Amino acid sequence: MVSVVLAGGKGERFWPLSRSTRPKQFLRLLPGGQSLIEATVERLLPLSGWERTLVATSLELAPLIRDHLPDLPEENLILEPAARDTAPAAAWAGLQVARRFGGDTPMGFFPADHFIADHKAFMKTVSMAEQTARKHDVIVTLGVRPTYPSSAFGYIERGEPLDGDGNAYRVRRFVEKPARSQAERYLEQGGFYWNAGIFVFRPRVLLGEFRRLAPEIIDPLEGAGKSAYENLRKVSLDYAVMEHTDKAVVVPAEFEWDDLGDWTSLERLLAAEGKNVELARHVGIDTEGAILYATSKDEVIVTLGVKDVVIVRDGNVTLVVGKDRVQEIKRLLDLLKKGQYLELL
């Protein structure tokens with residue numbers, strides 16, 4: 001199959017470590033020092049090899065891609081002239097794959113900045129999704145079984161089994177980041193999965209749905225190519241296609257998954273929930289449930305009587321935020337933009 005890694009995101013909720021010149025996918029947060037994009041491609045190589053692994057990113061991030069993935073063939077770098085979210089990226093990449101490998105060659109879309117520890121289980125699930133996409137005119141999404149009632153993830157409700165396929169189910173609906181009480185009901189009820197943002201399909205099927213459901217995206221790309229990109233609307237693949245198509249099916253994932261969406265995910269990554277996560281030199285008294293990070297080994301974070309906070313020191317910025325407010329970091333970035341603190345972004 002062909003694997004397309006989506007690597008153009010900003011990862012703003014990991015600010016100030018994640019910045020415009022060094023987004024989250026290039027951070028070396030994983031045990032062993034791998035960057036997130038290096039780990040993503042490592043998982044995919046047994047499925048597609050370097051020859052069929054493509055990376056979609058912005059022009060500005062191309063040097064970082066080459067630095068982190070020196071073995072990636074130059075022709076496998078899909079450069080987007082503007083950030084337009086995942087729908088234009090999917091349409092543009094689908095056109096490239098159809099041209100190079102054929103419209104019936106299964107391809108997958110994989111975010112560059114997620115964490116999956118069990119590579120063998122990942123390969124098994126993606127292989128099942130690939131077989132489903134080969135046999136049926138469907139767009140397969142991977143659904144992760146929820147382990148707690150998260151309001152930070154989107155959900156997929158499972159419908160009836162797909163005829164002739166024991167691994168896939170029709171998608172009844174997508175739910176965008178529900179309230180915690182609603183997420184608790186989903187967990188109790190069953191039949192709901194976290195939306196991991198991973199899709200497997202044949203280009204012919206996806207492009208056909210773009211022509212039917214989002215012609216304002218696909219028509220300019222087919223007519224004018226990349227020059228039409230900057231004038232496309234900014235919209236996700238979920239909103240443009242997946243929430244409206246009747247070809248969506250879900251394959252339950254056989255692996256644990258985390259989107260590493262914000263600073264609190266480090267507790268899950270490092271199995272440190274309830275304790276301090278100390279990725280810095282730290283001296284503290286009566287400090288509980290804190291996440292502490294410093295880029296420089298020469299700097300020391302000193303705390304007294306604090307609980308459930310995130311303290312990050314990176315270069316010329318210190319961030320202090322309650323753990324229950326990390327989802328709002330984008331509001332701070334908007335404030336910095338208005339104040340012309342552009343060098344901090």
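Quick notes
- Of Gly315, Gly322, Gly339, all but one fail to be of a type in the set (Gly, Ala, Ser), at pLDDT below 95 and within 27 Å of the chain's Cα centre (by Cα); the exception is Gly315.
- Condition met for Tyr155 (more than 20 Å from Pro203 (Cβ to Cβ) and surrounded by fewer than 18 Cβ atoms within 10 Å (Cβ to Cβ)): no
- Only one of the listed residues (Leu232, Leu221, Leu237) is assigned by TED's automatic domain parsing to the domain that holds Gly166, of a type outside the set (Ser, Thr, Tyr), surrounded by 17 or more Cβ atoms within 10 Å (Cβ to Cβ) and in contact with a Ser or Thr (Cβ under 8 Å, 6 or more places away or on another chain). That residue is Leu237.
- Counted residues, segment 52-61 - those being under 18 Å from the mean Cα position of the chain (by Cα) and not polar (S, T, N, Q): 4
- Pairs, first surrounded by 13 or more Cβ atoms within 10 Å (Cβ to Cβ) in segment 130-148, second part of a loop (DSSP other than H, G, I, E, B) and among the basic types (Lys, Arg), C-beta under 6 Å, six or more apart: Ala133/Arg202; Val138/Lys247; Ile139/Lys247
- Of all residues in segment 295-345, those being touching a residue at least 40 places away in the same chain (Cβ under 8 Å), among the acidic types (Asp, Glu) and not in a strand (DSSP E or B) number 0.
The values are calculated or read from the model by the stated rules, or taken from the named source; none is laboratory data. Just so it is clear, the structure is predicted and the values come from calculations on it, not from any experiment. For neighbour counting, all protein chains shown are included, and Cβ atoms are generated from backbone atoms with ideal geometry for every residue, glycine included.
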